[in-house]
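Bear in mind that the values in this text are calculations on the coordinates, not laboratory data. Source: prediction; values computed, not measured. Counting neighbours? That spans all protein chains shown, and the Cβs are built from the backbone with ideal geometry, glycine included.
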Amino acid sequence: MKKIFALILAILMVASLAACGTTTDATADEAKVYTIVSDNAFAPFESYDSETGEYVGIDMDIMAAVAEDQGFEYNMMNVGFDPALAKVQAGQADAVIAGMTITDERKEIFDFSEGYFEDGQVMVVAKDSDIDSLDDLAGKVVATKNGTMGAEYANSNKDQYGYTTKAFEGSNEQYQAIINGNCDACFEDYTVIGDAIKNGVELKTVGEKINPSFYGFAVKKGQNAELIEMFNAGLANIKANGKYDEILAKYGM
Ligand code: GLN
């Protein structure tokens, strides 16, 4: 009797192990759901639409169109620019799409897709300011947004031009600091500040576009190579079939 019981137990164990194996295989076969992170206030690329409670923008739509074209699933988390980059580096997210400029420095820790939009930075001041160039910034305070090209530009020029910088987490915070007089200028992406001004933000741009370069979708270096391949393939397809132009047009580009 004991022997038969032990045998049945053994059979049951083997059967359940086999079942486990099957379950594991089935899960592995199921499509992975990627976690993609983004900025949270960077219109027209990503911004919160309080009417729908959804994030909208060029990056959001490009991501959706590429994923649909390539047949993969993802969750989008709009955590802010610097936190998004940190999450990808920490392995807490698979990729970032956040109006992120492709640079040689970033290529040391990220792998980028093909560029999908060209932009640069520009100096931004209060509407009634007479600051006209870097030379006028002596003794002034320049607002910076953590982790951005604008911040890098501001910080790399401050000693030469004699101004100090004050760091903020997001684009809107730096605009607000200039509007309320706590800061005198910032360097923001050209298209983004253009969109803000068009929508009534009381600021103006001065001078030329700085560092024109492309935005890319990025993964942690050496990780998720298939995601970069799918993004590039999807981007090529939506450029060819008109979807990409449709998205830009939807946001006034
Ligand atoms: N394009 C800029 C950068 O990559 C700003 C990006 C952003 O603020 N979302 O640094």
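With respect to residue 162, determine if the residue is over 13 Å from residue 124 (Cα atoms), of a type outside the set (Ser, Thr, Tyr) and within 17 Å of the chain's Cα centre (by Cα). For residue 162, the condition - over 13 Å from residue 124 (Cα atoms), of a type outside the set (Ser, Thr, Tyr) and within 17 Å of the chain's Cα centre (by Cα) - is not met. Quick test for you: out of 158, 166, pick the one residue that is free of Cβ contacts under 8 Å to residues at least 40 places away in the same chain, part of a strand (DSSP E or B) and surrounded by 14 or more Cβ atoms within 10 Å (Cβ to Cβ). Exactly one of 158, 166 is free of Cβ contacts under 8 Å to residues at least 40 places away in the same chain, part of a strand (DSSP E or B) and surrounded by 14 or more Cβ atoms within 10 Å (Cβ to Cβ), namely 166. Restricted to segment 203-223, and to residues there that are under 17 Å from the mean Cα position of the chain (by Cα) and either of a type in the set (A, V, I, L, M, F, W, C) or exposed (fewer than 12 other Cβ atoms within 10 Å of the Cβ) (or both), the residue that is farthest from residue 179 (Cα to Cα) is 219.
Could you say which residue among 151, 67 is outside any loop (DSSP other than H, G, I, E, B) and more than 14 Å from the ligand (Cβ to nearest atom)?
The conditions single out 67.
Scanning segment 90-105 for residues that are near the ligand (Cβ under 8 Å from one of its atoms) and buried (at least 18 other Cβ atoms within 10 Å of the Cβ) turns up 98, 99, 100, 101. Where strands (runs of 3 or more DSSP E) fall entirely within segment 172-240, those with at least 3 residues that are polar (S, T, N, Q) are at 203-215.
Listed by first and then second residue, the pairs with beta-carbon distance under 7 Å, at least 6 apart or on different chains, first residue in segment 31-55 and within 23 Å of residue 227 (Cβ to Cβ) and more than 16 Å from the ligand (Cβ to nearest atom), second in a strand (DSSP E or B) and polar (S, T, N, Q), are 33/75; 35/75.
The number of residues in segment 203-223 being aliphatic (A, V, I, L, M) and within 15 Å of the ligand (Cβ to nearest atom) comes to 2.
In the set (1) over 21 Å from residue 67 (Cβ atoms); (2) free of Cβ contacts under 8 Å to residues at least 12 places away in the same chain, the condition left unmet by residue 226 is number (1).
Screening residue 226 on (1) acidic (Asp, Glu); (2) away from the ligand (no atom under 12 Å from the Cβ); (3) under 18 Å from the mean Cα position of the chain (by Cα) shows it passes everything except condition (3).
Screening residue 129 against (1) surrounded by fewer than 23 Cβ atoms within 10 Å (Cβ to Cβ); (2) within 15 Å of the ligand (Cβ to nearest atom) leaves a single unmet condition, (2).
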